[in-house]
Amino acid sequence: MRLVTFEHGGRQRAGALRGDRIIDLRRAEPELPATVLELIQGGPAVLDWLRQTVDRAAIETTLPMSEVRLLAPIPRPPKVLCIGLNYANHVKEAEHMGLKWPNKPSVFMKASSCVVGPRDPIPMPPTTQQLDYEVELTIVIGARAKGVSRADALGAVAGYTVANDVSARDLQFSPDGGIIMGKNFDGSAPMGPCITLTDEIPDPGTLRVRTWVNGEQRQDSNTNDLIFDVPAMIEYLSQALTLEPGDVILTGTPAGVGLGMRPQVWLQQGDVVRMEIERIGVIENRVE
Ligand code: MG
């Protein structure tokens, strides 16, 4: 099952994908929780109810995809956690920046206010000359998790989405900018198009991950290249902090970012960044 948040008639709705149509969940079942976040917070009982609703939803409760604006599946996640340097090929391309092979996951956060929809523009901040993209498999937490073992970690996952960890490299690597100014500007976390629940992705370990800029392929990798895999990231993070339903974890990007190119190439106004992860879908955002 694939869940979306969309805008239609000026209102924000939760939906489930069925081919090229969206089931408006509250039209199909008015008693269901109204948002994707609340559906996930409801846990297995609500998800069973949701599944029954989706199975019997009539065509009259659906809308064509072309008539809605997709928002990020969770427009304001409680926490946006990020892992840096998590693909071997990306560590290698970033070596010239002084970045080293990680012995444990390298963690940072983005503000929830960075999150925008899968087709929204990325506003280029006037503070940067070096705007860059990073496609990332993104975990959506489904159950409260503290101190979970690797063996139990996938039980805390609701599903997966796609995110672009948009980065301003000049600020990221500047002592007076850092992660806050380099990775927390408005629009720096496009996300979507849906959350594919774990019924369709029981194992996130072999998903193809790709990026194109203006139609030219830049990143093409697979989550089987992750240094710290999904269970390892959840186990590590949950030692220190409680993961809660709706929290998202961006899991790092593979090789092929502008930073790693020789010569380096940065995003310009008007560039269109398209990202696709197998079994989840496509996000496509224009730099403005
Ligand atoms: Mg990243």
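If you project the alpha carbons of the chain onto the principal axes, what extent comes out on each, in Å, largest first?
Its Cα atoms span 55, 44, 31 Å along the three principal axes.
Could you give the accessible area per residue of the chain, probe 1.4 Å, as a whole number in Å²?
Values: 12090 Å² over 288 residues.
On a per-residue basis, 42 Å².
Exactly which trypsin sites (Lys or Arg not before Pro) in segment 73-158 are in a DSSP loop and have at most 16 other Cβ atoms within 10 Å? Don't skip to the end; give the middle numbers.
Numbers: sites: K79, K92, K100, K110, R119, R144, K146, R150; in loops: K79, K100, R119, R144, K146.
Here the trypsin sites (Lys or Arg not before Pro) that fit, given the DSSP loop and packing criteria, are K100, R119, R144, K146.
Starting from the Cα of K79, draw a straight line to each of the aspartates and glutamates and keep only those under 13 Å, dropping any in the same chain fewer than 8 residues away.
E244, D247
Over 24 Å between C-alpha atoms is what I'm after, so list which of K146/K183; K92/K146; K110/K146; K100/K146 land there.
Details: K146/K183 27 Å; K92/K146 33 Å; K110/K146 21 Å; K100/K146 29 Å.
Those over the limit are K146/K183; K92/K146; K100/K146.
Take the Cα radius of gyration of segment 1-128 and divide it by 2.2 N^0.38 Å, with N its residue count; two decimals is plenty. List each step's numbers first, then the result.
Numbers: Rg = 19.0 Å, N = 128, 2.2 N^0.38 = 13.9 Å.
That ratio works out to 1.37.
If DNA, RNA and ligands are ignored and the probe is 1.4 Å, what is the ranking of H96, H90 by accessible area, most exposed first? Don't skip to the answer; put the middle values down first.
On the way: H96 85, H90 10 Å².
I get H96, H90, largest accessible area first.
First measure r as the distance between the Cβ atoms of Q217 and A58, then evaluate 1/(1 + (r/R0)^6) with R0 = 35 Å and state the FRET efficiency to the nearest 0.05.
On the way: r = 41 Å, r/R0 = 1.16.
Efficiency at R0 = 35 Å is approximately 0.30.
Considering only DSSP states other than H, G, I, E and B, which GluC sites (Glu not before Pro) in segment 122-223 qualify as loop sites with at most 10 other Cβ atoms within 10 Å?
Numbers: sites: E134, E136, E200, E216; in loops: E134, E200.
Answer in residue order: no site qualifies.
Kindly state, to the nearest 0.05, the FRET efficiency for N89 paired with R144, given R0 = 25 Å and r defined as their beta-carbon distance.
Details: r = 34 Å, r/R0 = 1.37.
The calculated FRET efficiency here is 0.15.
Can you tell me the orientation of helix 43-56 relative to the chain, as the angle in degrees between its alpha-carbon axis and the longest Cα principal axis, to the nearest 10?
60 degrees
Using alpha carbons only, how many degrees (0 to 90, rounded to 10) separate the axis of helix 230-240 from the longest principal axis of the chain?
The answer is roughly 80 degrees.
Roughly what would the spin-label model give for I180 and A34, points 7 Å off Cα along C-beta, in nm?
3.5 nm
When the accessible area of the chain is computed with all protein chains present and a 1.4 Å probe, what percentage of it is carbon and sulfur? Each step should come with its number before you reach the end.
Details: 6010 of 12090 Å².
Ligands and nucleic acids excluded, carbon and sulfur reach 50 percent.
The values are calculated or read from the model by the stated rules, or taken from the named source; none is laboratory data. The structure presented is a predicted model; accordingly, all values stated were derived computationally and were not measured. Positions of Cβ are generated from backbone atoms using ideal geometry, with glycine treated the same way; all protein chains shown enter the neighbour counts. Quick note on the areas: whole protein, heavy atoms, side chains included, nothing else; ligands and nucleic acids left out. Shrake-Rupley method; radii C 1.70, N 1.55, O 1.52, S 1.80 Å.
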